[in-house]
Amino acid sequence: MASLGVGLHLVRKRGSGRSSVVERRNLLTVCRFSVKTLLDRSCFDTIDDTSPEFVNFVSILEHILSHRLKGQTTWFGYESPRSFWDYIKSACSKVPHNCIRSIESMENVRSSRAKGRAWIRVVLMEKRLSEYISSALRDFKTTRRFYEDGAIMLGEEAGLLADTLIGLNTIDLSFCLKGEGLDGSCPAVIDYTPYLKFTQNAESISSDEEEMRTLGSSGSESSTPDKTATAASIFTEQSNLVSKCKRFEQKYRTSLEQKGYLEELVRLREAQLSKAVSHNKALQQSLADTHLTHNLEKEQLEYIILELQNQLTVLKNNDLRSRQELTAHLTNQWPSPVALDTNAVALDTLLYRKSTGQWEEKSFQSLEQLSADMSLSQMSLDPSHTLSLEARPPGTLWPHQGKEETPSLRGLCGSLTSVASYKSLASLKSSECLASPATEISSPGFTPS
(Lines give C-alpha, C1' and ligand atoms only; values in the text may rest on other atoms or scores of the structure.)
Protein backbone atom coordinates (compact mmCIF):
# COMPACT_ATOMS: atom_id res chain seq x y z
CA MET A 1 0.00 0.00 0.00
CA ALA A 2 2.81 2.36 0.81
CA SER A 3 4.47 1.75 -2.54
CA LEU A 4 1.15 2.29 -4.28
CA GLY A 5 0.72 5.63 -2.53
CA VAL A 6 4.26 6.70 -3.49
CA GLY A 7 3.58 5.72 -7.09
CA LEU A 8 0.38 7.71 -7.21
CA HIS A 9 2.18 10.70 -5.73
CA LEU A 10 4.90 10.49 -8.37
CA VAL A 11 2.32 10.19 -11.13
CA ARG A 12 0.44 13.22 -9.86
CA LYS A 13 3.66 15.21 -9.54
CA ARG A 14 4.67 14.35 -13.10
CA GLY A 15 1.21 15.23 -14.34
CA SER A 16 1.25 18.59 -12.58
CA GLY A 17 4.74 19.35 -13.88
CA ARG A 18 3.71 18.48 -17.44
CA SER A 19 0.57 20.61 -17.19
CA SER A 20 2.58 23.56 -15.88
CA VAL A 21 5.10 23.24 -18.72
CA VAL A 22 2.37 22.91 -21.36
CA GLU A 23 0.47 25.89 -19.93
CA ARG A 24 3.60 27.99 -19.96
CA ARG A 25 4.45 27.06 -23.53
CA ASN A 26 0.90 27.68 -24.71
CA LEU A 27 0.72 31.13 -23.12
CA LEU A 28 4.07 32.24 -24.54
CA THR A 29 3.25 30.93 -28.03
CA VAL A 30 -0.16 32.56 -28.07
CA CYS A 31 1.36 35.82 -26.80
CA ARG A 32 3.84 35.80 -29.68
CA PHE A 33 1.00 35.17 -32.15
CA SER A 34 -1.11 37.97 -30.64
CA VAL A 35 1.76 40.48 -30.95
CA LYS A 36 2.18 39.60 -34.63
CA THR A 37 -1.58 39.91 -35.17
CA LEU A 38 -1.59 43.37 -33.57
CA LEU A 39 1.30 44.50 -35.76
CA ASP A 40 -0.46 43.20 -38.88
CA ARG A 41 -3.74 44.87 -37.93
CA SER A 42 -2.08 48.21 -37.14
CA CYS A 43 -0.79 48.45 -40.72
CA PHE A 44 -4.33 48.61 -42.13
CA ASP A 45 -6.62 49.80 -39.34
CA THR A 46 -6.69 51.77 -36.09
CA ILE A 47 -6.59 49.72 -32.90
CA ASP A 48 -8.76 50.70 -29.92
CA ASP A 49 -10.50 49.04 -26.96
CA THR A 50 -13.03 47.30 -29.21
CA SER A 51 -10.48 45.58 -31.47
CA PRO A 52 -10.64 41.80 -30.93
CA GLU A 53 -6.87 41.51 -31.43
CA PHE A 54 -6.21 43.99 -28.64
CA VAL A 55 -8.75 42.43 -26.26
CA ASN A 56 -7.18 39.03 -26.82
CA PHE A 57 -3.64 40.36 -26.30
CA VAL A 58 -4.58 42.04 -23.01
CA SER A 59 -6.20 38.83 -21.78
CA ILE A 60 -3.10 36.79 -22.69
CA LEU A 61 -0.77 39.27 -20.94
CA GLU A 62 -2.95 39.27 -17.86
CA HIS A 63 -2.82 35.44 -17.75
CA ILE A 64 0.97 35.50 -18.11
CA LEU A 65 1.44 38.03 -15.27
CA SER A 66 -0.98 36.04 -13.07
CA HIS A 67 0.57 32.64 -13.80
CA ARG A 68 1.31 30.89 -10.46
CA LEU A 69 0.99 34.15 -8.52
CA LYS A 70 1.10 33.65 -4.76
CA GLY A 71 -1.95 34.55 -2.68
CA GLN A 72 -1.96 37.12 0.07
CA THR A 73 -1.90 35.61 3.58
CA THR A 74 -4.41 37.14 6.01
CA TRP A 75 -4.28 37.41 9.78
CA PHE A 76 -6.16 34.13 10.14
CA GLY A 77 -3.70 32.19 7.96
CA TYR A 78 -5.87 32.04 4.86
CA GLU A 79 -4.65 32.98 1.42
CA SER A 80 -6.75 35.44 -0.52
CA PRO A 81 -6.33 35.79 -4.31
CA ARG A 82 -3.98 38.53 -5.41
CA SER A 83 -3.79 40.53 -8.63
CA PHE A 84 -0.63 41.11 -10.63
CA TRP A 85 -0.99 44.84 -9.92
CA ASP A 86 0.49 44.30 -6.44
CA TYR A 87 3.62 42.82 -8.04
CA ILE A 88 3.90 45.59 -10.65
CA LYS A 89 3.46 48.26 -7.99
CA SER A 90 6.35 46.84 -5.93
CA ALA A 91 8.75 45.78 -8.70
CA CYS A 92 8.35 48.81 -11.01
CA SER A 93 8.56 51.55 -8.39
CA LYS A 94 12.17 52.35 -9.42
CA VAL A 95 11.31 52.95 -13.08
CA PRO A 96 12.03 56.62 -13.87
CA HIS A 97 8.93 58.73 -14.49
CA ASN A 98 6.60 55.80 -13.80
CA CYS A 99 2.81 56.05 -13.91
CA ILE A 100 2.08 54.06 -10.74
CA ARG A 101 1.07 57.06 -8.64
CA SER A 102 -1.26 58.42 -11.30
CA ILE A 103 -3.01 55.05 -11.59
CA GLU A 104 -3.33 54.78 -7.80
CA SER A 105 -4.99 58.20 -7.71
CA MET A 106 -7.62 57.39 -10.38
CA GLU A 107 -11.11 57.77 -8.94
CA ASN A 108 -13.05 55.45 -11.27
CA VAL A 109 -10.56 52.59 -10.85
CA ARG A 110 -10.82 51.00 -7.42
CA SER A 111 -10.16 47.25 -7.57
CA SER A 112 -6.66 45.83 -7.92
CA ARG A 113 -7.49 43.98 -11.15
CA ALA A 114 -8.95 47.15 -12.71
CA LYS A 115 -5.80 49.09 -11.79
CA GLY A 116 -3.67 46.40 -13.45
CA ARG A 117 -5.69 46.65 -16.65
CA ALA A 118 -5.43 50.44 -16.59
CA TRP A 119 -1.65 50.12 -16.17
CA ILE A 120 -1.42 47.88 -19.28
CA ARG A 121 -3.26 50.48 -21.37
CA VAL A 122 -1.25 53.42 -20.02
CA VAL A 123 2.17 51.80 -20.67
CA LEU A 124 1.04 50.76 -24.15
CA MET A 125 0.14 54.38 -24.91
CA GLU A 126 3.52 55.47 -23.47
CA LYS A 127 5.27 52.70 -25.49
CA ARG A 128 7.10 51.49 -22.38
CA LEU A 129 5.58 48.04 -21.71
CA SER A 130 8.82 46.21 -22.46
CA GLU A 131 10.77 48.63 -20.25
CA TYR A 132 8.48 47.99 -17.27
CA ILE A 133 8.61 44.20 -17.71
CA SER A 134 12.43 44.24 -17.98
CA SER A 135 12.73 46.41 -14.86
CA ALA A 136 10.44 44.09 -12.92
CA LEU A 137 12.44 41.01 -13.98
CA ARG A 138 15.70 42.64 -12.78
CA ASP A 139 14.23 42.85 -9.27
CA PHE A 140 14.57 39.10 -8.69
CA LYS A 141 13.90 39.25 -4.93
CA THR A 142 10.49 40.86 -5.39
CA THR A 143 9.64 38.49 -8.25
CA ARG A 144 10.61 35.51 -6.12
CA ARG A 145 8.49 36.81 -3.26
CA PHE A 146 5.33 37.13 -5.38
CA TYR A 147 5.53 34.01 -7.64
CA GLU A 148 5.73 30.29 -7.00
CA ASP A 149 8.15 27.86 -8.61
CA GLY A 150 7.34 27.15 -12.24
CA ALA A 151 5.89 30.60 -12.95
CA ILE A 152 6.57 32.22 -16.30
CA MET A 153 8.05 35.31 -14.62
CA LEU A 154 10.65 33.12 -12.87
CA GLY A 155 11.69 31.21 -15.99
CA GLU A 156 14.10 31.98 -18.80
CA GLU A 157 11.19 32.62 -21.14
CA ALA A 158 10.41 35.89 -19.34
CA GLY A 159 13.38 37.59 -21.01
CA LEU A 160 12.14 36.46 -24.42
CA LEU A 161 8.72 37.83 -23.52
CA ALA A 162 10.20 41.28 -22.83
CA ASP A 163 12.01 41.17 -26.18
CA THR A 164 8.80 40.17 -27.97
CA LEU A 165 6.91 43.12 -26.47
CA ILE A 166 9.41 45.63 -27.97
CA GLY A 167 7.58 45.43 -31.30
CA LEU A 168 4.50 47.04 -29.74
CA ASN A 169 6.45 50.31 -29.37
CA THR A 170 5.91 50.93 -33.08
CA ILE A 171 2.11 51.09 -32.74
CA ASP A 172 0.37 54.35 -31.83
CA LEU A 173 -2.42 53.44 -29.40
CA SER A 174 -5.08 55.54 -27.71
CA PHE A 175 -7.53 54.22 -25.13
CA CYS A 176 -10.28 55.51 -22.89
CA LEU A 177 -9.56 54.64 -19.27
CA LYS A 178 -13.23 54.88 -18.30
CA GLY A 179 -14.59 52.09 -20.49
CA GLU A 180 -15.96 48.67 -19.68
CA GLY A 181 -12.61 47.02 -20.30
CA LEU A 182 -11.40 48.16 -16.88
CA ASP A 183 -14.16 46.32 -15.03
CA GLY A 184 -12.35 44.19 -12.48
CA SER A 185 -15.26 41.81 -11.94
CA CYS A 186 -15.02 40.24 -15.42
CA PRO A 187 -12.29 37.59 -15.80
CA ALA A 188 -9.93 37.62 -18.76
CA VAL A 189 -10.77 34.95 -21.33
CA ILE A 190 -8.39 33.99 -24.16
CA ASP A 191 -9.81 33.25 -27.60
CA TYR A 192 -7.60 30.57 -29.20
CA THR A 193 -9.57 30.15 -32.44
CA PRO A 194 -7.66 32.82 -34.47
CA TYR A 195 -4.41 30.96 -33.78
CA LEU A 196 -5.65 27.37 -34.39
CA LYS A 197 -5.08 25.99 -37.88
CA PHE A 198 -4.87 22.39 -39.08
CA THR A 199 -2.22 21.67 -41.69
CA GLN A 200 -2.60 18.39 -43.60
CA ASN A 201 0.63 16.68 -44.60
CA ALA A 202 1.34 14.92 -47.92
CA GLU A 203 0.76 11.37 -46.61
CA SER A 204 -2.65 12.29 -45.26
CA ILE A 205 -3.57 13.89 -48.60
CA SER A 206 -2.52 10.77 -50.55
CA SER A 207 -4.47 8.53 -48.20
CA ASP A 208 -7.56 10.67 -48.69
CA GLU A 209 -7.14 10.45 -52.43
CA GLU A 210 -6.94 6.66 -52.30
CA GLU A 211 -10.03 6.57 -50.12
CA MET A 212 -11.94 8.82 -52.52
CA ARG A 213 -10.92 6.68 -55.49
CA THR A 214 -12.07 3.57 -53.69
CA LEU A 215 -15.42 5.14 -52.85
CA GLY A 216 -15.81 6.38 -56.42
CA SER A 217 -15.04 2.99 -57.96
CA SER A 218 -17.48 1.13 -55.68
CA GLY A 219 -20.28 3.63 -56.29
CA SER A 220 -20.03 3.69 -60.09
CA GLU A 221 -19.79 0.07 -61.20
CA SER A 222 -21.75 0.69 -64.42
CA SER A 223 -19.48 3.55 -65.50
CA THR A 224 -16.61 3.01 -67.84
CA PRO A 225 -13.00 2.80 -66.52
CA ASP A 226 -11.90 5.81 -68.54
CA LYS A 227 -14.42 8.10 -66.91
CA THR A 228 -13.44 6.83 -63.45
CA ALA A 229 -9.75 7.49 -64.07
CA THR A 230 -10.46 10.94 -65.44
CA ALA A 231 -12.55 11.91 -62.41
CA ALA A 232 -9.87 10.62 -60.03
CA SER A 233 -7.12 12.52 -61.81
CA ILE A 234 -9.14 15.73 -61.81
CA PHE A 235 -9.90 15.39 -58.10
CA THR A 236 -6.24 14.74 -57.35
CA GLU A 237 -5.10 17.80 -59.29
CA GLN A 238 -7.68 19.99 -57.61
CA SER A 239 -6.70 18.82 -54.13
CA ASN A 240 -3.03 19.33 -54.92
CA LEU A 241 -3.68 22.81 -56.19
CA VAL A 242 -5.76 23.67 -53.14
CA SER A 243 -3.09 22.43 -50.76
CA LYS A 244 -0.37 24.30 -52.65
CA CYS A 245 -2.46 27.44 -52.65
CA LYS A 246 -2.98 27.18 -48.90
CA ARG A 247 0.73 26.65 -48.29
CA PHE A 248 1.66 29.62 -50.45
CA GLU A 249 -0.96 31.75 -48.74
CA GLN A 250 0.41 30.80 -45.32
CA LYS A 251 3.97 31.60 -46.38
CA TYR A 252 2.84 34.89 -47.87
CA ARG A 253 1.08 35.94 -44.67
CA THR A 254 4.08 34.99 -42.58
CA SER A 255 6.45 36.89 -44.87
CA LEU A 256 4.11 39.90 -44.83
CA GLU A 257 4.01 39.94 -41.04
CA GLN A 258 7.76 39.66 -40.80
CA LYS A 259 8.22 42.36 -43.42
CA GLY A 260 5.90 44.76 -41.58
CA TYR A 261 7.60 44.12 -38.27
CA LEU A 262 11.09 44.57 -39.70
CA GLU A 263 10.09 47.75 -41.54
CA GLU A 264 8.66 49.27 -38.38
CA LEU A 265 11.73 48.23 -36.44
CA VAL A 266 14.06 49.72 -39.08
CA ARG A 267 12.02 52.92 -39.17
CA LEU A 268 12.26 53.21 -35.39
CA ARG A 269 16.01 52.59 -35.41
CA GLU A 270 16.53 55.14 -38.19
CA ALA A 271 14.61 57.76 -36.23
CA GLN A 272 16.72 57.02 -33.15
CA LEU A 273 19.90 57.15 -35.21
CA SER A 274 19.00 60.48 -36.81
CA LYS A 275 18.15 61.92 -33.42
CA ALA A 276 21.45 60.67 -31.99
CA VAL A 277 23.40 62.12 -34.96
CA SER A 278 21.74 65.52 -34.59
CA HIS A 279 22.41 65.48 -30.85
CA ASN A 280 26.04 64.56 -31.52
CA LYS A 281 26.43 67.43 -33.96
CA ALA A 282 24.92 69.86 -31.46
CA LEU A 283 27.33 68.63 -28.79
CA GLN A 284 30.32 68.99 -31.14
CA GLN A 285 29.28 72.52 -32.06
CA SER A 286 28.82 73.40 -28.41
CA LEU A 287 32.26 71.94 -27.64
CA ALA A 288 33.86 73.98 -30.44
CA ASP A 289 32.17 77.18 -29.21
CA THR A 290 33.29 76.49 -25.68
CA HIS A 291 36.87 75.88 -26.81
CA LEU A 292 36.89 79.13 -28.81
CA THR A 293 35.49 81.09 -25.86
CA HIS A 294 38.09 79.52 -23.59
CA ASN A 295 40.94 80.58 -25.90
CA LEU A 296 39.61 84.14 -26.13
CA GLU A 297 39.27 84.44 -22.37
CA LYS A 298 42.75 83.00 -21.91
CA GLU A 299 44.26 85.59 -24.28
CA GLN A 300 42.40 88.41 -22.54
CA LEU A 301 43.61 87.25 -19.13
CA GLU A 302 47.20 87.02 -20.37
CA TYR A 303 46.99 90.57 -21.76
CA ILE A 304 45.52 91.83 -18.47
CA ILE A 305 48.29 90.11 -16.49
CA LEU A 306 51.01 91.72 -18.65
CA GLU A 307 49.37 95.13 -18.30
CA LEU A 308 49.17 94.77 -14.52
CA GLN A 309 52.81 93.71 -14.36
CA ASN A 310 53.87 96.80 -16.34
CA GLN A 311 51.82 99.06 -14.08
CA LEU A 312 53.33 97.42 -11.00
CA THR A 313 56.86 97.96 -12.35
CA VAL A 314 56.11 101.66 -13.02
CA LEU A 315 54.68 102.11 -9.53
CA LYS A 316 57.73 100.47 -7.94
CA ASN A 317 60.09 102.78 -9.88
CA ASN A 318 58.08 105.87 -8.94
CA ASP A 319 58.02 104.83 -5.28
CA LEU A 320 61.79 104.29 -5.26
CA ARG A 321 62.39 107.67 -6.92
CA SER A 322 60.08 109.42 -4.43
CA ARG A 323 61.87 107.81 -1.51
CA GLN A 324 65.26 108.97 -2.82
CA GLU A 325 64.02 112.55 -3.41
CA LEU A 326 62.44 112.73 0.05
CA THR A 327 65.59 111.45 1.73
CA ALA A 328 67.76 113.97 -0.12
CA HIS A 329 65.35 116.84 0.71
CA LEU A 330 65.26 116.01 4.42
CA THR A 331 69.03 115.59 4.55
CA ASN A 332 69.65 119.03 3.00
CA GLN A 333 67.37 120.81 5.52
CA TRP A 334 69.34 119.93 8.66
CA PRO A 335 72.57 121.93 9.58
CA SER A 336 75.94 120.32 9.96
CA PRO A 337 77.07 118.85 13.31
CA VAL A 338 79.83 121.55 13.68
CA ALA A 339 77.25 124.37 13.55
CA LEU A 340 75.09 122.56 16.07
CA ASP A 341 78.04 122.32 18.54
CA THR A 342 78.84 126.06 18.12
CA ASN A 343 75.21 127.05 18.76
CA ALA A 344 75.16 124.89 21.87
CA VAL A 345 78.25 126.69 23.28
CA ALA A 346 76.73 130.12 22.59
CA LEU A 347 73.44 129.16 24.20
CA ASP A 348 75.16 127.81 27.33
CA THR A 349 77.06 131.12 27.59
CA LEU A 350 74.01 133.33 27.20
CA LEU A 351 71.64 131.42 29.56
CA TYR A 352 71.37 131.74 33.30
CA ARG A 353 73.89 130.20 35.58
CA LYS A 354 73.52 129.37 39.17
CA SER A 355 76.34 129.95 41.65
CA THR A 356 76.17 129.54 45.46
CA GLY A 357 72.39 129.93 45.72
CA GLN A 358 72.29 133.17 43.73
CA TRP A 359 71.32 133.87 40.14
CA GLU A 360 73.39 135.50 37.47
CA GLU A 361 71.54 136.56 34.42
CA LYS A 362 72.84 137.18 31.02
CA SER A 363 70.41 139.45 29.33
CA PHE A 364 69.72 139.69 25.68
CA GLN A 365 67.42 141.95 23.82
CA SER A 366 65.21 139.39 22.17
CA LEU A 367 65.20 135.97 20.57
CA GLU A 368 66.07 137.60 17.25
CA GLN A 369 69.19 139.03 18.89
CA LEU A 370 69.95 135.55 20.22
CA SER A 371 69.66 134.13 16.74
CA ALA A 372 71.90 136.89 15.41
CA ASP A 373 74.45 136.19 18.12
CA MET A 374 74.31 132.51 17.33
CA SER A 375 74.95 133.21 13.68
CA LEU A 376 77.91 135.45 14.62
CA SER A 377 79.21 132.86 17.01
CA GLN A 378 79.54 130.41 14.20
CA MET A 379 82.43 132.47 12.82
CA SER A 380 84.07 133.55 16.07
CA LEU A 381 83.24 134.48 19.64
CA ASP A 382 84.36 137.78 21.13
CA PRO A 383 86.73 136.99 24.04
CA SER A 384 86.44 140.41 25.59
CA HIS A 385 82.70 140.21 25.78
CA THR A 386 82.86 136.82 27.37
CA LEU A 387 85.37 138.06 29.92
CA SER A 388 83.34 141.13 30.74
CA LEU A 389 80.41 138.93 31.59
CA GLU A 390 82.53 136.66 33.74
CA ALA A 391 84.53 139.52 35.40
CA ARG A 392 81.63 140.55 37.57
CA PRO A 393 82.34 140.01 41.21
CA PRO A 394 80.85 136.84 42.57
CA GLY A 395 79.24 138.61 45.47
CA THR A 396 77.22 140.96 43.27
CA LEU A 397 73.53 140.10 43.28
CA TRP A 398 70.81 141.04 40.90
CA PRO A 399 68.07 142.71 42.90
CA HIS A 400 64.62 141.22 42.50
CA GLN A 401 61.51 141.89 44.48
CA GLY A 402 58.39 139.84 44.89
CA LYS A 403 59.70 137.01 42.68
CA GLU A 404 60.82 133.69 43.98
CA GLU A 405 63.83 131.90 42.71
CA THR A 406 63.46 129.95 39.49
CA PRO A 407 65.22 126.60 38.90
CA SER A 408 67.94 126.36 36.38
CA LEU A 409 66.97 126.51 32.70
CA ARG A 410 69.95 124.56 31.60
CA GLY A 411 68.11 121.29 32.03
CA LEU A 412 65.19 122.57 29.91
CA CYS A 413 67.38 123.80 27.08
CA GLY A 414 69.19 120.51 26.61
CA SER A 415 71.92 120.12 24.08
CA LEU A 416 71.74 121.66 20.64
CA THR A 417 73.85 118.92 19.17
CA SER A 418 70.67 117.01 18.34
CA VAL A 419 68.02 117.96 15.84
CA ALA A 420 65.28 117.88 18.46
CA SER A 421 67.09 120.39 20.69
CA TYR A 422 67.74 122.63 17.72
CA LYS A 423 64.05 122.67 16.85
CA SER A 424 63.21 123.58 20.46
CA LEU A 425 64.76 127.06 20.02
CA ALA A 426 61.53 128.36 18.57
CA SER A 427 59.72 127.46 21.78
CA LEU A 428 62.05 129.80 23.77
CA LYS A 429 60.17 132.79 22.42
CA SER A 430 57.14 132.06 24.58
CA SER A 431 59.02 130.63 27.57
CA GLU A 432 58.76 132.50 30.85
CA CYS A 433 62.19 131.38 31.92
CA LEU A 434 64.05 133.56 29.34
CA ALA A 435 64.80 137.17 30.17
CA SER A 436 63.16 139.65 27.84
CA PRO A 437 63.89 143.36 27.66
CA ALA A 438 60.37 144.31 28.73
CA THR A 439 60.63 142.19 31.86
CA GLU A 440 63.99 143.66 32.81
CA ILE A 441 62.76 147.21 32.43
CA SER A 442 59.48 146.70 34.32
CA SER A 443 61.14 144.90 37.24
CA PRO A 444 62.35 147.46 39.78
CA GLY A 445 65.09 145.23 41.18
CA PHE A 446 66.86 144.64 37.89
CA THR A 447 69.49 146.89 36.26
CA PRO A 448 70.64 146.69 32.71
CA SER A 449 74.03 145.15 32.11
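The values are calculated or read from the model by the stated rules, or taken from the named source; none is laboratory data. Quantities reported herein were computed from a predicted structural model and do not represent experimental measurements. Here Cβ is always computed from backbone atoms with ideal geometry, including for glycine, and neighbour counts include all displayed protein chains. The protein model used for the area step is the full one, side chains on, heavy atoms only, and it has no ligands, DNA or RNA in it. Shrake-Rupley method; radii C 1.70, N 1.55, O 1.52, S 1.80 Å.
Hey, what do the phi angles of the range 99-113 turn into as Karplus ³J(HN,Hα) couplings, whole Hz, using 6.51/-1.76/1.60 and θ = phi - 60°, x for Gly and Pro?
The phi angles translate into 9, 5, 5, 5, 6, 5, 8, 6, 7, 7, 10, 10, 6, 5, 5 Hz.
Output wanted: per-residue J couplings in Hz (rounded whole) for the range 18-27, from phi through Karplus 6.51 cos²θ - 1.76 cosθ + 1.60, θ = phi - 60°, x for Gly and Pro.
Coupling constants for the range 18-27: 5, 5, 5, 5, 5, 5, 4, 5, 5, 5 Hz.
For the range 23-123, what is the accessible area per residue in Å², given a 1.4 Å probe and the full set of protein chains?
53
So, counting K/R as plus one and D/E as minus one, what does the shell of residues with Cβ under 12 Å around Tyr132 add up to?
+2
Counting Lys +1, Arg +1, Asp -1, Glu -1, what net charge surrounds Leu315 among other residues with beta carbon under 14 Å of its beta carbon?
+1
Amide H neighbours of Gly155 under 5 Å, counting only residues 5+ apart in sequence or on other chains, H built in-plane at 1.01 Å?
none
With a ≥ b ≥ c the root eigenvalues of the C-alpha gyration tensor of the range 100-198, is it rounded (a/c under 1.5), prolate (a/b larger than b/c) or oblate?
Rounded, since a/c falls under 1.5.
Which peptide among 121-129, 278-286, 99-107 comes first, and what is the full order, when sorted by highest mean count of other Cβ atoms within 10 Å?
121-129, 99-107, 278-286
I need the phi-derived Karplus couplings for the range 251-257: 6.51 cos²θ - 1.76 cosθ + 1.60, θ = phi - 60°, integer Hz, Gly and Pro marked x.
Whole-Hz 3J(HN,Hα) from phi for the range 251-257: 5, 5, 4, 5, 5, 5, 5.
Please find the FRET efficiency linking Ala276 to Asn108, where r is the Cβ-Cβ separation and R0 is fixed at 35 Å, and quote it to the nearest 0.05.
Calculated transfer efficiency: 0.30.
Once label points are set 7 Å from the Cα along Cα→Cβ at both Ser322 and His291, what is their separation, rounded to one decimal in nm?
Roughly 4.9 nm, to one decimal.
Per residue, how much accessible area does the range 128-196 have with a 1.4 Å probe, in Å²?
55
For Gln72, list long-range residues whose amide hydrogen, built 1.01 Å from N in the peptide plane, is under 5 Å from its own amide hydrogen.
Counting only residues 5 or more places away or on other chains, the set is Ser80, Arg82.
Ignoring ligands, DNA and RNA, please state the percent of accessible area on the range 63-186 from carbon and sulfur, probe 1.4 Å.
Roughly 50 percent, rounded to a whole number.
Quick one: net charge around Pro96, please, counting Lys, Arg +1 and Asp, Glu -1 for every other residue with C-beta under 14 Å from its C-beta.
Charge balance near Pro96 sits at +2.
Which order, highest average first, do 42-52, 21-31 follow once you tally other Cβ atoms within 10 Å for each residue and take the mean per peptide?
Per-residue Cβ counts within 10 Å, averaged per peptide and sorted highest first, yield 21-31, 42-52.
Specify the inter-centroid distance of the range 81-160 and the range 280-325, based on alpha-carbon positions, in whole Å.
The two parts, judged by their Cα centres, are 61 Å apart.
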